[in-house]
Structures are given as structure tokens and as C-alpha cells.
Amino acid sequence: MTYSLFDEPPAPHGAPEPIAPGAVLLRGFALDQAEALLQAAQQVIAAAPLRHLMTPGGRVMSVGMSNCGALGWTSSRAGYRYSNTDPLSGQPWPPMPACFADLAMRAAAEAGFEGFAPDACLINRYEPGARLSLHQDSDESDLSAPIVSVSLGLPAVFLFGGLQRSDRPARLRLAHGDVAVWGGPSRLAFHGVAPLADGEHPRLGRQRINLTFRRAG
Ligand code: MD3
Ligand code: FE
């Protein structure tokens with residue numbers, strides 16, 4: 001019996017790429033699960049529709065959002081918070097699909113964060129022109145857990161800054177199937193998304209979907 005390079009199908013993704021201390025990019029990590037993730041996201045959105053939240057400052061966000069899992073992130077004039085119910089329906093958020101939790105856990109492990117068990121997944125939907133201004137994610141109670149993000153659909157320019165709002169952000173292209181893990185010293189870094197460039201994605205058309213997995217409670 002001989003072994004050949006050709007016995008194994010090509011890995012759907014390459015080696016983890018370090019972005020910053022505690023932050024790792026796994027290009028293409030979600031490619032072989034993309035269809036399952038998108039179908040599960042569609043079911044979540046059918047039960048908890050995407051909505052454009054109001055910021056505490058009174059602006060309507062250009063990104064459409066929903067959640068699944070025990071806790072969901074919301075914003076209103078009253079501030080940002082995690083809630084165990086969808087304010088639109090008064091019902092619990094849809095449960096986290098098994099394929100979501102599984103992918104997030106495997107990506108975190110690949111980046112060196114064993115035992116990550118997300119209890120919240122924020123679903124962000126970008127249409128051309130939608131953006132997310134520079135912010136920190138600090139509403140979660142467990143900041144020792146990383147955040148795992150999955151990009152699907154049109155590519156985006158992700159802005160990755162430092163621990164001060166004034167630190168000039170680096171620009172990173174995030175494409176369909178890319179997964180990034182943000183933990184350790186990067187967990188409280190300022191970050192955002194540049195206005196989405198128009199385009200046509202073969203599966204998703206004129207949109208980008210981003211899933212962010214957190215340990216919020
Ligand atoms: C770096 N979402 O939902 S994901 C967010 O593409 C958010 O929709 C963006 O920022 C998006 O809060 C970016 C990548 C990401 C998420 C959380 C982070 C990067 C992060 C937290 C700390 C540092
Ligand atoms: Fe964020």
C-alpha cells in the first residue's frame with residue numbers, strides 16, 4: 001500500500017494566519033459548511049426577522065440584525081444590551097443551530113481557544129453601502145472568551161484598530177467562507193466595516209452576511 005499526495009482531497013482552507021496578538025484568520029474555514037450555515041440562518045431569520053436597530057444616539061443602523069442562541073444583542077435609544085428575548089416578538093431568540101455552534105467551536109479550537117461554547121450569535125446583513133463604524137465589543141460578561149466571526153457573500157473591508165479609538169485601523173479583506181477568531185489582547189480592539197462595495201455574489205447576490213459568536217452571559 002502506498003500513500004499519495006492525491007489520496008486526500010485538498011483542504012478547503014489553509015494555515016491559520018495571525019492578524020494580531022490573539023487574533024487569527026482562517027481563510028475559507030467555513031466554505032464546506034456555507035450552504036448549511038446559510039440555510040440555518042434563513043430559518044433563524046424567518047422566526048426573528050432582520051431589523052435595523054436604533055443606536056443610543058438616535059441613528060438607524062445601516063446593517064440589518066438578528067440573533068440566535070440563549071442571548072441576543074440589541075440596541076435602542078436606551079442603550080446596548082443582551083436580552084434573552086427578541087424585543088420584536090417577546091419570545092426567546094431562535095435556538096442556535098447545531099451547525100453554527102459546531103463551526104464556532106472548531107474555529108476557536110483551531111486558533112488555540114479550546115472549549116469555546118457560544119451562547120449568542122449575532123447575524124449581520126450588509127447591503128451595498130451598509131457599514132459598521134469603529135466600536136469595541138464590550139457588552140459581554142465573559143471577555144476571556146474570544147469572538148468568532150464568519151463571513152458569507154460579498155467581500156468586505158474589515159477595519160481593525162488598536163485599544164484606543166484613535167489608533168489608525170489596518171484594513172483586512174474578508175471573503176465568503178473566511179472565519180476570524182478574536183481573543184486575548186485583541187478582544188477589546190476597536191473595529192468596524194467599511195461601506196460594502198456593490199457586487200453580485202453567486203449564492204447571496206448583493207449582500208454580505210456575517211455571523212459573530214460570543215460568550216455573552
Ligand atoms: C475584533 N461585526 O457585530 S466581525 C459586530 O463584519 C461586528 O459584521 C463585524 O463588529 C461584521 O460587533 C465584524 C469581526 C469582529 C467581530 C468582533 C470583534 C472583529 C472583532 C471583537 C473584537 C475585535
Ligand atoms: Fe463588533
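The values are calculated or read from the model by the stated rules, or taken from the named source; none is laboratory data. Everything quoted here is computed from the prediction, not taken from an experiment. Glycine also receives a Cβ, built like all others from the backbone with ideal geometry; neighbour counts cover every protein chain displayed. The area values use the complete protein model at the heavy-atom level, side chains included, leaving out ligands, DNA and RNA. Shrake-Rupley method; radii C 1.70, N 1.55, O 1.52, S 1.80 Å.
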(request) Would you mind stating whether residue 191 is crowded, with 16+ Cβ neighbours inside 10 Å, within 24 Å of residue 127 (Cα to Cα) and away from ligand 1 (no atom under 12 Å from the Cβ)? (result) no
(request) Kindly list the number of the only condition in (1) more than 17 Å from residue 25 (Cα to Cα); (2) surrounded by fewer than 13 Cβ atoms within 10 Å (Cβ to Cβ) that fails for residue 167. (result) (2)
(request) Answer with yes or no whether residue 28 is outside any helix (DSSP H, G or I), of a type in the set (Gly, Ala, Ser), at pLDDT 95 or above and farther than 20 Å from residue 118 by Cβ. (result) yes
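Quick one: is residue 161 open to solvent by less than 50 Å² (accessible area, probe 1.4 Å), small (Gly, Ala, Ser) and under 19 Å from residue 64 (Cβ atoms)? Give the derivation first.
Numbers: open to solvent by less than 50 Å² (accessible area, probe 1.4 Å): yes; small (Gly, Ala, Ser): yes; under 19 Å from residue 64 (Cβ atoms): no.
No; evaluated as a whole, the condition is false for this residue.
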(request) Would you mind finding the one in 146, 202 that is away from ligand 2 (no atom under 12 Å from the Cβ) and open to solvent by 50 Å² or more (accessible area, probe 1.4 Å)? (result) 202
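Search the range 135-182 for residues being polar (S, T, N, Q) and in a loop (DSSP other than H, G, I, E, B), and hand back the single one that is farthest from ligand 1 (Cβ to nearest atom).
If we take residues in the range 135-182 being polar (S, T, N, Q) and in a loop (DSSP other than H, G, I, E, B), then 166 is farthest from ligand 1 (Cβ to nearest atom).
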(request) Please state which one of 132, 211, 122 is within 9 Å of ligand 1 (Cβ to nearest atom), touching a Ser or Thr at 6+ places or on another chain (Cβ under 6 Å) and open to solvent by less than 40 Å² (accessible area, probe 1.4 Å). (result) 122
(message) Can you report the number of residues in the range 87-112 which are surrounded by fewer than 20 Cβ atoms within 10 Å (Cβ to Cβ) and of a type outside the set (S, T, N, Q)?
(response) 15
(request) Just one of (1) in a strand (DSSP E or B); (2) away from ligand 2 (no atom under 16 Å from the Cβ); (3) open to solvent by 30 Å² or more (accessible area, probe 1.4 Å) trips up residue 197, so point out which. (result) (1)
(request) Give just the number: which of (1) open to solvent by 40 Å² or more (accessible area, probe 1.4 Å); (2) touching a residue at least 40 places away in the same chain (Cβ under 8 Å); (3) aliphatic (A, V, I, L, M) does residue 216 not satisfy? (result) (1)
(request) Run residue 192 past the list (1) within 20 Å of residue 13 (Cα to Cα); (2) within 17 Å of the chain's Cα centre (by Cα) and report the number of the one that doesn't hold. (result) (1)
